[in-house]
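The values are calculated or read from the model by the stated rules, or taken from the named source; none is laboratory data. Since we're looking at a predicted model, the values are computed, not measured. All Cβ positions, even for glycine, are placed from backbone atoms using ideal geometry, and neighbour counts span all protein chains on display.
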Amino acid sequence: MSQKVAIGKLAILLASLSEEELNSFRSSLEEVNYCQGKVGSMNMQKVIAAVETAAKRNGLIQEHLYRETHALYHAILEGIEGVTRGKPVIGEMSRTVGLRFSVVRGSPYHDSKEGEWLAVAFYGTIGAPVKGAEHETVGLGINHI
C-alpha cells in the first residue's frame, strides 16, 4: 500500500503560499507531480486554458488520453465554482480575477488500486474591474483520473 497524500491541501498551499513559505512543505511535494501558474482575466476560457496549458506543458496529463484531460477539466470547473461562489462566470457579470493556481497529481488513498487523482487550486482576487474593488477568493477541485 502507498502512503496517503493530501493532494488538495498541497494544491491550496502551492497556489497560496510564497516560495519562502513553501519551504517547510518541500518534502511532501516529493510524493506528487505538480505545477503552478498565474492568470488574470475577465474571460473564463482564458482561466481554463491557462491551467490546461500548464498541466500539459509540465507533463501532469497526457493530452492524447481523454480520461486525463476530462479529469483535469472537471477539477478546474469545480475549483472555479469556489472562486466565483457557485456561479462560474466572471466577465459576463463585470467581474475580473487575478489568480495563482496549482495542479497536483497524486494518489490520495492508502490503497494504490484507487489510482491517481488531480487537484486544482486557485487563490487570488475577484471583483469589479476597478483597482482596489476586489477581494480574496479561493477554490479547490479534485477529480479521479
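Brief remarks follow.
- For the criterion of being more than 27 Å from V32 (Cα to Cα), free of Cβ contacts under 8 Å to residues at least 60 places away in the same chain and of a type in the set (V, I, T), T84 passes.
- Summed over segment 87-108, the residues that are surrounded by fewer than 15 Cβ atoms within 10 Å (Cβ to Cβ) and either closer than 16 Å to G8 by Cβ or polar (S, T, N, Q) (or both) give a count of 1.
- N143 being of a type outside the set (S, T, Y), over 13 Å from the mean Cα position of the chain (by Cα) and within 25 Å of L17 (Cα to Cα): no
- Look at (1) surrounded by 15 or more Cβ atoms within 10 Å (Cβ to Cβ); (2) in contact with a Pro (Cβ under 9 Å, 6 or more places away or on another chain) and you find that T84 fails only one, number (2).
- Elements of type helices (runs of 4 or more DSSP H) contained in segment 1-112, each with 2 or more residues being modelled with pLDDT under 90 and not aliphatic (A, V, I, L, M): 19-22, 26-29
- Residues satisfying the stated conditions in segment 25-74, i.e. touching a helix residue (DSSP H, G or I) at 6+ places or on another chain (Cβ under 9 Å) and among the aromatic types (F, W, Y): F25, Y34, Y73
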